[in-house]
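Working notes, structure below.
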Amino acid sequence: MSNAVLFSVIIPVYNSEATIRRCVESVVISLERVTNDYEIICIDDGSTDNSLALLNEIASANAKICVVHQENAGAATARNKGLELSNGEYIAFNDSDDEWLENHF
């Protein structure tokens, strides 16, 4: 993603096929209650389950979601990769097994 946005949310993902859809959906709902000026950067950290395919499916329905795949290097490396790619004035992180409440902001 190349244009500046208000919010960047970075989600490191590793073998999260059971939770990733609800995680991303909750972030989208929470953000869209306050702004449409956002990006969500999901860094797949070498998942061996169906996480990457699910992320690609989710991203195909929302152009504000970017999916990046990397070899497994750990959550900190995935977060740092997300920071490198982010364009947000404000940065937030979410774990792939967490959900945001609608009034998160």
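The values are calculated or read from the model by the stated rules, or taken from the named source; none is laboratory data. None of the values given here were measured: they were computed from a predicted structure. Methodologically, a virtual Cβ is constructed for each residue, glycine included, from the backbone with ideal geometry; neighbour enumeration extends over all protein chains shown. Side chains are part of the model used for accessible areas, which takes the heavy atoms of the whole protein and leaves out ligands, DNA and RNA. Shrake-Rupley method; radii C 1.70, N 1.55, O 1.52, S 1.80 Å.
Observations, loosely collected:
- Only Cα pairs under 8 Å and 6+ residues apart enter the sum, and on that basis the relative contact order of region 33-75 stands at 51 percent.
- Per residue, the Cα convex hull of the chain amounts to 84 Å³.
- Measuring r between the beta carbons of Asn87 and Ala53 and using R0 = 22 Å, the FRET efficiency lands at 0.30.
- Rotationally averaged projected area of region 23-80 (alpha carbon convex hull; nm²): 4.2 nm²
- Dipole of the chain, positive end: most advanced residue of Tyr90, Thr48, Val24 [Cβ charges, Cα centre]: Tyr90
- Given +1 at the Cβ of Lys and Arg, -1 at the Cβ of Asp and Glu and no other charges, the dipole of region 1-81 around its Cα centre is 200 debye to the nearest 20.
- Of the whole protein surface, Asp45 contributes about 10 Å² of accessible area at a 1.4 Å probe radius.
- The chain, relative contact order in percent, only Cα pairs under 8 angstrom and at least six apart counted: 47 percent
- One decimal place: the segment Glu25-Asn3 gains 5.7 nm when fully extended, by the rule 0.36 nm per residue minus the C-alpha distance.
- Extension gain for the segment Asn80 to Glu17, taken as residue separation times 0.36 nm less the Cα-Cα distance, is 20.5 nm to one decimal.
- Gain on full stretching of the segment that runs from Asn103 to Asn72 - 0.36 nm per residue minus C-alpha separation: 7.9 nm
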